[in-house]
Amino acid sequence: MSHGEQFSLFDDSHSQPTPTDFQPDLIPTDAQVPIPRGTYSGMEPLAQHCNQCQRCELSNSRTQAVVGRGNLEADIMIIGEAPGQNEDETGLPFVGKAGQLLDKILASVQLDVEQDIYICNITKCRPPGNRKPTTKEIEACKPYLLEQIRLVNPQIILFTGGTAFQGVTGEKRGITKVRGEWIEWQGRLSMAILHPAYLLRNPSREKGSPKWLMWQDIQKVRNKLDEIRSERA
Ligand code: URA
């Protein structure tokens, strides 16, 4: 077995080398054109491509791509479903009512979006009428998400809601089954949590209610982050 083959058994970053004749400006025109790992040197060129991207039909109706907000070196990355109207207009993820609630939830355990969090979505463009993104759209956009994860290099990934979780991981189990459970995805510690929009529709705070479950999960995340940071110190 050659050295190259041995490498590819242990580290998938070697299995998709960036071609030497790679032309980044040609990438986003079609979902068939691959976006290999390591394509982007930073979030800015990635955002530029997202704004030129025509890998799926969502490009026809977007005002602008919604790439992310928060700390580009955050310990926690939150991955939501797709931009809504407010996000499409501002270019920032989670700025509507659900986003405001998410910020409050994070603040309740002293997590600061500017410092501790990078937040983005599985699709960068708004699906018309706020419908769920299709599997094809999620797959077309996935290389951007994988590049964002590589660039931010978070210790913890949180998926908000079943669409984000199942869409990206391919898991079949529903959100109510998996939420609050640590899993490994892409070699990273990950957890699915409920979507804040779901909490807005279910205001009860009683034991077992969605809000109560979220409170349990976010405390678990806070504790794990403290553990990781104290090991790193
Ligand atoms: N806003 C976002 O950016 N993503 C969601 O999943 C919901 C609201």
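Being charged (D, E, K, R), under 20 Å from Pro154 (Cβ atoms) and crowded, with 17+ Cβ neighbours inside 10 Å is true of Asp103.
Within the stretch 188-213, residues that are free of Cβ contacts under 8 Å to residues at least 40 places away in the same chain sit with their Cβ atoms under 9 Å from residues that are in a strand (DSSP E or B) and acidic (Asp, Glu), at 6+ positions apart or across chains, in these pairs: Ser190/Glu184. Within the stretch 151-166, is there a residue that is among the small types (Gly, Ala, Ser) and more than 24 Å from Gln216 (Cβ to Cβ)? No, the stretch 151-166 contains no residue that is among the small types (Gly, Ala, Ser) and more than 24 Å from Gln216 (Cβ to Cβ).
For Asn153, the requirement of being modelled with pLDDT under 95 and surrounded by fewer than 17 Cβ atoms within 10 Å (Cβ to Cβ) is not met. State whether one or more residues within the stretch 145-162 are of a type outside the set (Phe, Trp, Tyr), free of Cβ contacts under 8 Å to residues at least 40 places away in the same chain and more than 22 Å from Pro45 (Cβ to Cβ). Within the stretch 145-162, one or more residues are of a type outside the set (Phe, Trp, Tyr), free of Cβ contacts under 8 Å to residues at least 40 places away in the same chain and more than 22 Å from Pro45 (Cβ to Cβ).
Tally time: how many residues in the stretch 74-87 are more than 9 Å from the ligand (Cβ to nearest atom) and either over 15 Å from the mean Cα position of the chain (by Cα) or of a type in the set (Asp, Glu) (or both)? Before you say what the answer is, go through the steps one by one.
Residues of the stretch 74-87 more than 9 Å from the ligand (Cβ to nearest atom): 74-78, 85.
So of that shortlist, the ones also either over 15 Å from the mean Cα position of the chain (by Cα) or of a type in the set (Asp, Glu) (or both) come out as 75, 85.
Matching residues across the stretch 74-87 total 2.
Does Leu46 fit the bill of being in contact with a Leu (Cβ under 8 Å, 6 or more places away or on another chain), surrounded by fewer than 18 Cβ atoms within 10 Å (Cβ to Cβ) and outside any strand (DSSP E or B)? Judged against the criteria, Leu46 is not a match. Residues that are more than 21 Å from Tyr40 (Cβ to Cβ) and hydrophobic (A, V, I, L, M, F, W, C) were ranked within the stretch 83-97; the one that is surrounded by the fewest Cβ atoms within 10 Å (Cβ to Cβ) is Val95.
When the stretch 106-115 is limited to residues that are surrounded by fewer than 20 Cβ atoms within 10 Å (Cβ to Cβ) and either near the ligand (Cβ under 9 Å from one of its atoms) or of a type outside the set (Asp, Glu) (or both), the one that is farthest from Ile218 (Cα to Cα) turns out to be Gln115.
The helices (runs of 4 or more DSSP H) falling completely within the stretch 131-233 that include 1 or more residues that are within 25 Å of Arg55 (Cβ to Cβ) and within 16 Å of the ligand (Cβ to nearest atom) map to 135-152, 162-169.
The values are calculated or read from the model by the stated rules, or taken from the named source; none is laboratory data. Please read these numbers as outputs of a predicted model, since none were measured by experiment. Note that each Cβ is placed from the backbone with ideal geometry, even for glycine, and that neighbours are counted across all protein chains shown.
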